[in-house]
Amino acid sequence: MEQNQDKLKEIISHSKEYGFIFPSSDIYDGLAATYDYGQLGSELKNNIKQYWWKAMTQMHQNIVGIDASIFMHPKTWKASGHVDAFNDPLIDNKDSKKRYRADVLIEEYIEKINKKIIKEITKAKKRFGETFDEEQFRKTNPNVLRNASKIESIEKSMKEALNANDLKGLRQLIVDLEIACPLSGSREWTEVRQFNLMFATEIGSVAGESSKIYLRPETAQGIFVNFLNVQKSGRMKIPFGIAQIGKAFRNEIIARQFIFRMREFEQMEMQFFVLPGEEMKWYDYWKSMREKWHKNLGLGDTMYRFHDHIKMAHYANAACDIEFDFPMGFKELEGIHSRTDFDLKQHEEHSGKKLAYFDPELNKSYVPYVIETSIGLDRMFLAVLSASFKHEILDDQSKRVVLRIPPALAPIKAAILPLVKKDGLPEIADEIANQLKFEYNLQIDLKDSIGKRYRRQDAIGTPICITVDHDTKNDQSVTIRYRDTMKQERIQISELPNILEGHLGWKTLLSNLTE
Ligand code: GAP
């Protein structure tokens, strides 16, 4: 655990040193839980956006993208349920004065029990080797069974308390489980209270209830209110989807763990409109599509797991998270929700406008059901960065820090390195850059020895280095060096476009999604 906290600290300082992420308003000592993406960070972020946007829209004939405004009519949030129900149950520790989400305290307690199960399994795996049958072990080992049943019973009590909005019951569970404040170790807790997460502000110059407006807490509602606009103007037929990337704002009480939980963040959301009754088929379909999208990046299949929601959001009839193994442990990266017709029906009621779809094949009108996929862009950024960040000891015992960022997402795709700053080599580097710059973000690096330049490019995750030397002038050949294998090969300059496309082009990455 301590080691993992250290890893997060290292990532934070690496991010600042190389221009990925800076604390916001740094010269004023920063603003809690707000960050700015630097010159490399914004490139990586844009590439993650593109990977998502292309996979959703370009790769699906029946999904289109929009870009709705952050401010929306205040009735939107009454209709969506956010005014009344977008709350966190909060509890304060009387000694440390620290505030926590009551459900998160209980979930962290559950995770501790889960870790005991995993420890037991790992021990048994070592003992039994090849012949170990995990499923059988989970079914029969008394310690595992006892802990699994403990988890089941806590989850059941928490679910009941959350669903019934039973705040006293939630507090009692914390007391009964003897959960202590992680900071002070004290078990002196206040009552649990509900706290609305939306930021409100005034629109125009006259203050008052009528001018109160919210910063959107999710991008999804911009899609719902445009459902018929898009369907009619785009002549879309159900099933179809609308995708969007944009900022969302939540007054998180406990905003921490770097860019994992912020008050201003970006979401990539897609609402898929389906025939009522077919929602579970599409829910399963999107679960598997999203899993494929993640695993296709090659960060490691064991880095992901599904977690079914204990408490459904107020709009959902089925929901799960894709969790990622962050330096702080497995945490939510993406949500997949079956939202029924809740949102469209609510907007019909509050706006007085019909939001039904006429199905020409069935010759009838209905309000479609919705499957939503919703991923935090900043969390995805942290997932990519933390899984890519490696300390390596090389064959000659020297060390390197390398970001093994999936090549198509790397901020700089190739560095062009003239061996010396003279003899016409920088000019050849310029010529190569001028050929490739229309497709790829490149960096020409002239300073220091080649070895130092390789290390610098490794540290920012550049997948390919192209070295121009004196032979290049005679035979138009260059040396390319791959970040991950550190293998080098001599190739012709004319081969570069094909090599780059094959190694880090969008087609290479996206084509696996269609197989
Ligand atoms: N429209 C559904 C929705 O907003 P959510 O589970 O509340 O669902 C979706 O949020 C995703 O947005 C989360 O899985 C997470 O990746 C991201 N997210 C939510 N709150 C966040 C925060 N405070 N900071 C960064 N990302 C956040």
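The values are calculated or read from the model by the stated rules, or taken from the named source; none is laboratory data. A quick note: this is a predicted structure, and the numbers were derived from the prediction, not measured. Please note: Cβ atoms are built from the backbone with ideal geometry, for glycine as well, and neighbour counts cover all protein chains shown.
Could you look through segment 206-222, keep only residues that are at pLDDT 95 or above and more than 18 Å from R263 (Cβ to Cβ), and pick out the one that is surrounded by the fewest Cβ atoms within 10 Å (Cβ to Cβ)?
That would be G222.
Please pick out the residue among I203, I179 that is in contact with a helix residue (DSSP H, G or I) (Cβ under 6 Å, 6 or more places away or on another chain), modelled with pLDDT under 95, more than 15 Å from the ligand (Cβ to nearest atom) and among the hydrophobic types (A, V, I, L, M, F, W, C).
I203 is the lone residue from the list that is in contact with a helix residue (DSSP H, G or I) (Cβ under 6 Å, 6 or more places away or on another chain), modelled with pLDDT under 95, more than 15 Å from the ligand (Cβ to nearest atom) and among the hydrophobic types (A, V, I, L, M, F, W, C).
Residues that are over 24 Å from the mean Cα position of the chain (by Cα) and among the acidic types (D, E), at least 1 per element: which helices (runs of 4 or more DSSP H) completely within segment 46-130 meet that? Walk me through it before giving the result.
Working: elements: 75-79, 82-85, 102-128.
Fully inside segment 46-130 and qualifying: 82-85, 102-128.
Identify all residues within segment 91-106 that are surrounded by fewer than 20 Cβ atoms within 10 Å (Cβ to Cβ), touching a residue at least 40 places away in the same chain (Cβ under 8 Å), of a type outside the set (V, I, T) and out of contact with any Ser or Thr (no Cβ under 8 Å at 6 or more places or on another chain); write none if there are none.
R99, R101
Answer yes if at least one residue in segment 28-49 is free of Cβ contacts under 8 Å to residues at least 12 places away in the same chain, touching a Ser or Thr at 6+ places or on another chain (Cβ under 8 Å) and aliphatic (A, V, I, L, M), and no otherwise.
yes
In the set I254, I242, I238, which member is within 10 Å of the ligand (Cβ to nearest atom) and among the aliphatic types (A, V, I, L, M)?
Answer to the selection: I254.
Quick one: in segment 373-400, of everything that is more than 26 Å from Q244 (Cα to Cα) and of a type in the set (D, E), which residue is nearest to the ligand (Cβ to nearest atom)?
For segment 373-400, the residue satisfying everything is E392.
Please specify each residue of segment 161-183 satisfying the condition of being in a helix (DSSP H, G or I) and surrounded by 15 or more Cβ atoms within 10 Å (Cβ to Cβ).
Taking segment 161-183 as the starting set, the residues that turn out to be in a helix (DSSP H, G or I) are 161-163, 167-176.
If the condition is that a residue be in a helix (DSSP H, G or I) and surrounded by 15 or more Cβ atoms within 10 Å (Cβ to Cβ), then A161, L162, L167, G169, L170, R171, L173, I174 are the ones that fit.
Quickly run through segment 259-277 and pick out the residues that are part of a loop (DSSP other than H, G, I, E, B) and either near the ligand (Cβ under 10 Å from one of its atoms) or out of contact with any Asp or Glu (no Cβ under 9 Å at 6 or more places or on another chain) (or both).
Across segment 259-277, the qualifying residues are I259, F260, R261, M262, R263, G277.
Could you check segment 376-440 for strands (runs of 3 or more DSSP E) lying wholly inside it with 1 or more residues that are more than 28 Å from I12 (Cα to Cα) and either small (G, A, S) or at pLDDT 95 or above (or both)?
It comes to 414-418.
Assess whether V370 counts as being over 17 Å from S42 (Cα atoms), within 16 Å of the ligand (Cβ to nearest atom), of a type in the set (V, I, T) and out of contact with any Pro (no Cβ under 8 Å at 6 or more places or on another chain). Walk me through how you get there before you give the answer.
Working: over 17 Å from S42 (Cα atoms): yes; within 16 Å of the ligand (Cβ to nearest atom): yes; of a type in the set (V, I, T): yes; out of contact with any Pro (no Cβ under 8 Å at 6 or more places or on another chain): yes.
Here the answer is yes, as V370 does meet what is asked.
Inspect all residues belonging to segment 184-197 and state whether any of them is aliphatic (A, V, I, L, M), crowded, with 17+ Cβ neighbours inside 10 Å and closer than 30 Å to N93 by Cβ.
Of the residues in segment 184-197, the ones aliphatic (A, V, I, L, M) are 192, 197.
Then drop every residue that is not crowded, with 17+ Cβ neighbours inside 10 Å, which leaves 192.
If we keep only those that are closer than 30 Å to N93 by Cβ too, we end up with 192.
Checking segment 184-197: at least one residue is aliphatic (A, V, I, L, M), crowded, with 17+ Cβ neighbours inside 10 Å and closer than 30 Å to N93 by Cβ.
Does Q244 fit the bill of being on the phi < 0 side of the Ramachandran plot, buried (at least 18 other Cβ atoms within 10 Å of the Cβ), of a type outside the set (A, V, I, L, M, F, W, C) and not in a strand (DSSP E or B)?
no
Tell me, which strands (runs of 3 or more DSSP E) wholly within segment 285-359 include 1 or more residues that are within 12 Å of the ligand (Cβ to nearest atom)?
304-308, 318-326, 329-340
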